[in-house]
Amino acid sequence: MKYTQGKYPITEKTAIAGNIYSFTIECPETAEVAVPGQFVHIRVDGFTLRRPVSICGIDRKKGTIRIVFEIRGEGTKQLSKLNEGTLIDMLAPLGHGFTVNPDFKKVILIGGGIGTPPMLPLAEIYGQKAVVITGFRGSEAVILRNDFKKTGAELILCTDDGSLGIHGFVTQPLEKLVNKGGIDAIYACGPMPMLKNIAAMAESKGIFCEISLEERMACGIGACLGCACRTVKNDEEYFAHVCKDGPVFNAKEVLW
């Protein structure tokens, strides 16, 4: 796994929803090798453990990556106070990303809440071949709508309270699309119950499915067991590291 550690300038900062921020970071060596589904591990002043954040955008020409994160504690609150022009301490890119297959004719990309950002690089690759389904608590939490529309992908928006888009969960439009047929792959990131239901639906129809797991991490490079999860391969159960073996796994390998 090729990654670098360094301090990189933030070239753009935007508040895109309540307590959700977008940073564009200039780091050519990371942009050159990063793939959809990987993440960065950020050191925040005053905190021992780094914070993992999914990569939301990769621009190899400009030598930048984009991250989108939500304030969930004191660490990410402190991170949100960084401004354009300041340096951010990162290990990147880390983890195992999504499998991209140019032969796929139609794919479904599913993001739940803050699990939505890692779907954007996939949408940029698949374009009109993709149907993006995103789910949020309500209209105030919706992010990246225009970004997904720019990719040419079809966008289906769901909200728990019905304030925008479909009133309900992402699995409702997914079920209709899956039953219609012609789906080559499903990619998803979000809460574990959502991923479990998506994986079951994909397996019932024999559809290739990859999921990105959200897990607390300490080292980010597989040196500790802080992010172990139960998986199976070749009929043998083992504990995988979400940070190194994942965060992306074939849905069939995860033991729920």
In cubic angstrom, how much convex hull volume per residue do the alpha carbon atoms of the chain span?
-> 123
Pop a pseudo-label 7 angstrom from the Cα along the beta-carbon direction at both Y238 and D161 and give the gap in nm to one decimal.
-> 4.6
Quick one: accessible area per residue over the chain, 1.4 Å probe, rounded to a whole number of Å²?
-> 48
Pair K106, E175: separation of 7 Å Cα→Cβ label points (nm) | 1.9
Provide the descending list of Cα extents for region 54-109 along its principal axes, expressed in whole angstroms.
-> 43, 28, 18
Are there GluC sites (Glu not before Pro) in region 13-74 that DSSP marks as loop and that have at most 15 other Cβ atoms within 10 Å, and which are they?
-> none
What is the local net charge at G135, summed over the other residues whose Cβ is closer than 13 Å to its Cβ (Lys, Arg +1; Asp, Glu -1)?
-> 0
Mean residue ellipticity at 222 nm from the helices of the chain, using -39,500 (n - 2.57) per DSSP H segment of n ≥ 4 over the full residue count, to the nearest 500 deg cm²/dmol?
-> -5500 deg cm²/dmol
Low-density loop GluC sites (Glu not before Pro), region 112-205, at most 14 other Cβ within 10 Å, DSSP non-H/G/I/E/B, are none
Going 7 Å from the Cα of N83 toward and past its Cβ, which residues in region 1-40 have a backbone nitrogen under 15 Å from where you end up?
-> 10-15
Take the alpha carbon atoms of region 1-78, find their center, do the same for region 118-164, and report the distance between the two centers in whole angstrom.
-> 20
What does the charge add up to near T151, with Lys and Arg as +1, Asp and Glu as -1, over the other residues with Cβ less than 15 Å from its Cβ?
-> +2
Charge context of L79, other residues only, Cβ under 12 angstrom, K/R +1, D/E -1 | +3
For region 15-110, listing trypsin sites (Lys or Arg not before Pro) in a DSSP loop whose Cβ sees at most 13 other Cβ atoms within 10 Å gives R60, K61, K62, R72, K81, K105
What are the semi-axes of the equivalent ellipsoid of region 29-144, taken as the square roots of 5 times the eigenvalues of the Cα gyration tensor, listed largest first and rounded to whole Å?
-> 26, 18, 12
Ratio of Rg to Rh for region 29-73, alpha carbon only, Kirkwood?
-> 1.02
Which pairs break 26 Å Cα to Cα here: K2/K105; K61/K129; K129/K196; K106/K176; K2/K62?
-> K2/K105
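The values are calculated or read from the model by the stated rules, or taken from the named source; none is laboratory data. Bear in mind that the values here come from a model prediction, so they are computed numbers and not experimental data. FYI the Cβ positions are ideal-geometry reconstructions off the backbone, even for glycines, and counts take in every protein chain you see. Heavy atoms of the whole protein, side chains included, go into the accessibility calculation; ligands, DNA and RNA do not. Shrake-Rupley method; radii C 1.70, N 1.55, O 1.52, S 1.80 Å.
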